[in-house]
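Report on one structure; see the data block that follows.
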Amino acid sequence: MTDSTARPGLLERLAAGPVVCAEGYLFEIERRGYLTAGAFVPEAVLDHPEAVAALHRDFLHAGSDVMLAFTYYAHREKLRVIGKEGVLEELNRTALRLAREAAGEGAALVAGNLCNSNIYVEGDGASARDVRAMFDEQVGWAVDEGVDFIVAETISFVGEALLALEAIKASGLPAVINLAIHRDPRTRERLSVAEAGRRLEDAGADVVGLNCARGPASMLPLLAPLCEAVSCHVAALPVAYRTGEQEPTFQSLSDPRCACLPEGRPFPTALDPFTCNRYEIAEFAGAARALGVSYLGVCCGASPHHIRSMAEALGRNPPGSRYSPDMSAHSYFGTSDKVSAAYREFAREL
Ligand SMILES: [Zn+2]
């Protein structure tokens, strides 16, 4: 079990400075070949735990302060859709243990993870009860496995986010509540992000924010009003893709330069040409931090190099920074006088 006396908890860390949380396990594990795009159920937790553990370690090395249990879409509804409800608890507990083991290799916190249920219907009491029961069972396993706090993420109804928040608060653990905002820059109830943030803060959220769906460029404009509206901590974890005003979400991106897209759109398996570089992620981290955001990370599309650049932009020096770029010794572009002058001269011909 985690020893809460040995390491500062989430709220203590946030009071002292920014916290980095790597997300995007679903996309990265899919890209590495251990998970099926479409259903997007993290069966890799049971089928290839070594792959999940490796990604946790990569993110830890890159500077993530949080090991987020890979239980995204490991909920009853998703497992029902793929006919595997029988492994629901084993999947959750194994994912939580993998996160805890990795966290123990550094000084990271362990977070449980809830997400959009895909069955929530606004104003429908029966669906709210089903959703709450799904959240309650996942929170129960997370508490059992000794998490430090719980994240509810990629939820686009405030009503559904409040159900997740109530389930987490009942456990007594800190709650991070992150909304996913689609093309319409409001929740699915058509509430502004600021109003949504206020309602979640009023209901006891320790951190409120945005994650997934939008990339840095289209998430940043929503953060200023959110930071102004709440006094609790604010989170921002964009997807690592170049979204913009016209196509603000990664689902809405189009790629007219490619004629071989099986779905006719880049989402979810052909987003490669839109991937943000590490400098864009670092720039986002600085801009979001300047607005007052204190819980920062990257969601779908995140790779360890993004997390390392984000951590460095926030003044951190993670283990992976030992290998951060140093072009001075490059064979052609280097500035070291140990590099052949003739080769440096040839750089312009490359
Ligand atoms: Zn995401």
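The values are calculated or read from the model by the stated rules, or taken from the named source; none is laboratory data. Every value quoted in this text rests on a predicted model; they were computed, and no experiment measured them. FYI the Cβ positions are ideal-geometry reconstructions off the backbone, even for glycines, and counts take in every protein chain you see.
Points to keep in mind about this one:
- Hits in region 137-163 (condition: within 16 Å of the ligand (Cβ to nearest atom), within 13 Å of Ala205 (Cα to Cα) and not charged (D, E, K, R)): Val151, Ala152, Ala161
- If only residues of region 203-219 that are assigned to a loop (DSSP other than H, G, I, E, B) and touching a helix residue (DSSP H, G or I) at 6+ places or on another chain (Cβ under 9 Å) are counted, the one that is nearest to Leu14 (Cα to Cα) is Asp206.
- Some residue of region 309-319 being more than 16 Å from the ligand (Cβ to nearest atom), loosely packed, with under 13 Cβ neighbours inside 10 Å, hydrophobic (A, V, I, L, M, F, W, C) and in a helix (DSSP H, G or I): no
- Taking the conditions (1) out of contact with any Ser or Thr (no Cβ under 9 Å at 6 or more places or on another chain); (2) free of Cβ contacts under 8 Å to residues at least 12 places away in the same chain; (3) among the basic types (Lys, Arg) in turn, Lys169 satisfies each one other than (2).
- Meets criteria (farther than 30 Å from Ile177 by Cα, surrounded by 14 or more Cβ atoms within 10 Å (Cβ to Cβ) and of a type in the set (Phe, Trp, Tyr)) for Tyr295: no
- In region 247-276, the residues that are touching a strand residue (DSSP E or B) at 6+ places or on another chain (Cβ under 9 Å) and assigned to a helix (DSSP H, G or I): Phe274
- For first residues located in region 1-14 and of a type in the set (A, V, I, L, M, F, W, C), partners that are at pLDDT 95 or above and part of a loop (DSSP other than H, G, I, E, B) and lie 6+ apart or on another chain with Cβ distances below 7 Å form the pairs Met1/Gly146; Leu10/Asp148; Leu10/Pro174; Leu11/Pro174; Leu11/Asp206; Leu14/Ser294.
- Checking each residue in region 289-308 for being touching a strand residue (DSSP E or B) at 6+ places or on another chain (Cβ under 7 Å) and within 16 Å of the ligand (Cβ to nearest atom) picks out Tyr295, Leu296, Gly297, Val298, Cys299, Gly301, Ala302, His306, Ile307.
- Filtered by the rule that a residue be in contact (Cβ under 8 Å) with a residue 60 or more places away in the chain, in contact with a Ser or Thr (Cβ under 6 Å, 6 or more places away or on another chain) and among the aliphatic types (A, V, I, L, M), region 177-212 gives a lone residue, Ala180.
- Those residues of region 220-246 which are part of a loop (DSSP other than H, G, I, E, B) and within 16 Å of the ligand (Cβ to nearest atom), in sequence order: Pro238, Val239, Ala240, Arg242, Thr243
- Given (1) within 17 Å of the chain's Cα centre (by Cα); (2) more than 15 Å from the ligand (Cβ to nearest atom); (3) surrounded by fewer than 19 Cβ atoms within 10 Å (Cβ to Cβ), index of the condition His61 fails: (3)
- Of residues in region 178-196 being on the phi < 0 side of the Ramachandran plot and basic (Lys, Arg), the one farthest from the ligand (Cβ to nearest atom): Arg186
- Of all the criteria given as (1) on the phi > 0 side of the Ramachandran plot; (2) within 16 Å of the ligand (Cβ to nearest atom), the one not satisfied by Gly83 is (2).
- Some residue of region 122-136 being closer than 23 Å to Ala44 by Cα, of a type outside the set (Ser, Thr, Tyr), at pLDDT 95 or above and touching a strand residue (DSSP E or B) at 6+ places or on another chain (Cβ under 7 Å): yes
- Among the residues of region 10-50, the ones that are within 14 Å of the ligand (Cβ to nearest atom), crowded, with 24+ Cβ neighbours inside 10 Å and not in a helix (DSSP H, G or I) come to 6 in all.
- Conditions (1) buried (at least 23 other Cβ atoms within 10 Å of the Cβ); (2) closer than 21 Å to Val20 by Cβ; (3) in contact with a Phe, Trp or Tyr (Cβ under 8 Å, 6 or more places away or on another chain): number failed by Thr187: (2)
- Filtering region 266-292 to residues that are in contact (Cβ under 8 Å) with a residue 24 or more places away in the chain, surrounded by fewer than 19 Cβ atoms within 10 Å (Cβ to Cβ) and within 16 Å of Leu226 (Cα to Cα) leaves Ala287, Arg289, Leu291, Gly292.
- Taken over region 100-145, the criterion of being of a type in the set (S, T, N, Q) and either in contact with a Lys or Arg (Cβ under 9 Å, 6 or more places away or on another chain) or in contact (Cβ under 8 Å) with a residue 60 or more places away in the chain (or both) is satisfied by Asn116, Ser117, Asn118, Gln138.
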